[in-house]
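Chemist: Structure below; questions to follow.
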Amino acid sequence: MGEFSEKKETCGTVCLKYLPEVVTGVHCSQLAGLAVMAVGIWTVALKSDYISLLASGTYMATAYILVVAGVVVMVTGVLGCCATFKERRNLLRLYFMLLLLIFLLEVIAGVLAYVYYQQLNTELKESLKDIMTKRYHQPGHGGVTSAVDKLQQEFHCCGSNNSQDWRDSEWIRSGEAGGRVVPDSCCKTVVAGCGQRDHASNIYKVEGGCITKLETFVQEHLRVIGAVGIGVACVQVFGMIFTCCLYRSLKLEHY
């Protein structure tokens, strides 16, 4: 009876021994989860206005991966506490697997952001002009129309490469444009029908057009996504190392 009591007491000291590390680790994990979710939600909710102008879905995919990883991180922190306080090695194994899953998700998000960062210029050169000229003010493409108008007004640009791109617009050629040669959103002061005159005093004529503005905008956010993804992945590595040490200590104590 005394031997059993001594063994139980010895096992119980593991939790007390690692309590500061567990609490610190959980707090770090929760903060990392909040940071990941915040960046993912921020990207999806506030920085997705121009998604319809991108040919690839990679940009949004990285954001959704961050949101999912953030949710898993939050749940995993609670599981880590339970596994430690209850001295359950099977829960620690599950905790380790979840940390590994988070690590892989974050690495994938970081790699996708980096790869897309490198490919973005080529993609925009190949697709942005077609998207703007063939879908602007066309049935079923209201999202593109709104995105183009916002892009041109927010970044003070006109056309993919320059204002001459709008000469190839199906909307301009159809006659539905009401005599406009560029959309009204190209104008420095937007009033109905202002796009009928494409003089430099009336519309934005920026070197490089909207393509350079959109590329810079997306690349800035890809850098944030990539940095957060890789940063949190590093945090999970420390979590996995700590979990392995704790698992080994619990195993030794039980024997």
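Chemist: Can you report the number of residues in the stretch 89-110 which are in contact (Cβ under 8 Å) with a residue 40 or more places away in the chain and farther than 15 Å from residue 67 by Cα?
Modeler: Taking the stretch 89-110 first, the residues in contact (Cβ under 8 Å) with a residue 40 or more places away in the chain are 89, 92-93, 95-96, 99-100, 102-103, 105-110.
Those left that are additionally farther than 15 Å from residue 67 by Cα: 89, 92-93, 95-96, 99-100.
Number of matching residues: 7.
Chemist: Still on this structure, I have one more. Of everything in the stretch 94-115 that's β-branched (Val, Ile, Thr) and surrounded by fewer than 20 Cβ atoms within 10 Å (Cβ to Cβ), which residue is farthest from residue 232 (Cα to Cα)? Spell out the reasoning first.
Modeler: Taking the stretch 94-115 first, the residues β-branched (Val, Ile, Thr) are 102, 107-108, 111, 115.
When the remaining residues are screened for being surrounded by fewer than 20 Cβ atoms within 10 Å (Cβ to Cβ), the result is 107-108, 111, 115.
On the way: 107: 9, 108: 12, 111: 13, 115: 19 Å.
Restricting to residues being β-branched (Val, Ile, Thr) and surrounded by fewer than 20 Cβ atoms within 10 Å (Cβ to Cβ), the top hit is 115.
Chemist: Shifting gears a bit: Pairs needed: first member in the stretch 189-209, touching a residue at least 40 places away in the same chain (Cβ under 8 Å) and part of a helix (DSSP H, G or I); second member anywhere, open to solvent by less than 30 Å² (accessible area, probe 1.4 Å) and not hydrophobic (A, V, I, L, M, F, W, C); C-beta distance under 7 Å; at least 6 residues apart or different chains.
Modeler: Cβ pairs passing all conditions: 209/159; 209/160.
Chemist: Tell me which residues, restricted to the stretch 26-46, are surrounded by fewer than 18 Cβ atoms within 10 Å (Cβ to Cβ) and modelled with pLDDT of 75 or more. Lay out the reasoning, then the answer.
Modeler: So in the stretch 26-46, the residues surrounded by fewer than 18 Cβ atoms within 10 Å (Cβ to Cβ) come out as 27-28, 30-31, 34-35, 38, 41-42, 44-46.
Within the stretch 26-46, 31, 34, 35, 38, 41, 42, 44, 45 meet the criteria.
Chemist: Give me a count of the residues in the stretch 184-201 that are touching a strand residue (DSSP E or B) at 6+ places or on another chain (Cβ under 7 Å) and either modelled with pLDDT under 90 or among the hydrophobic types (A, V, I, L, M, F, W, C) (or both).
Modeler: Filtering the stretch 184-201 for residues touching a strand residue (DSSP E or B) at 6+ places or on another chain (Cβ under 7 Å) gives 186-188, 194-195.
Those left that are additionally either modelled with pLDDT under 90 or among the hydrophobic types (A, V, I, L, M, F, W, C) (or both): 186-187, 194.
The number of residues fulfilling the criteria is 3.
Chemist: Going by the structure shown, is residue 212 open to solvent by 30 Å² or more (accessible area, probe 1.4 Å), part of a helix (DSSP H, G or I), more than 25 Å from residue 64 (Cβ to Cβ) and β-branched (Val, Ile, Thr)?
Modeler: Answer is yes for this residue.
Chemist: Need the failing condition index for residue 118 against (1) closer than 22 Å to residue 208 by Cα; (2) touching a residue at least 12 places away in the same chain (Cβ under 8 Å); (3) open to solvent by 10 Å² or more (accessible area, probe 1.4 Å); (4) part of a helix (DSSP H, G or I), just the number.
Modeler: (2)
The values are calculated or read from the model by the stated rules, or taken from the named source; none is laboratory data. Fair warning: this is a prediction, and the values are worked out from it, not measured in the lab. Positions of Cβ are generated from backbone atoms using ideal geometry, with glycine treated the same way; all protein chains shown enter the neighbour counts. Each accessible area value is taken on the protein alone, full model and side chains, heavy atoms only, with ligands, DNA and RNA left out. Shrake-Rupley method; radii C 1.70, N 1.55, O 1.52, S 1.80 Å.
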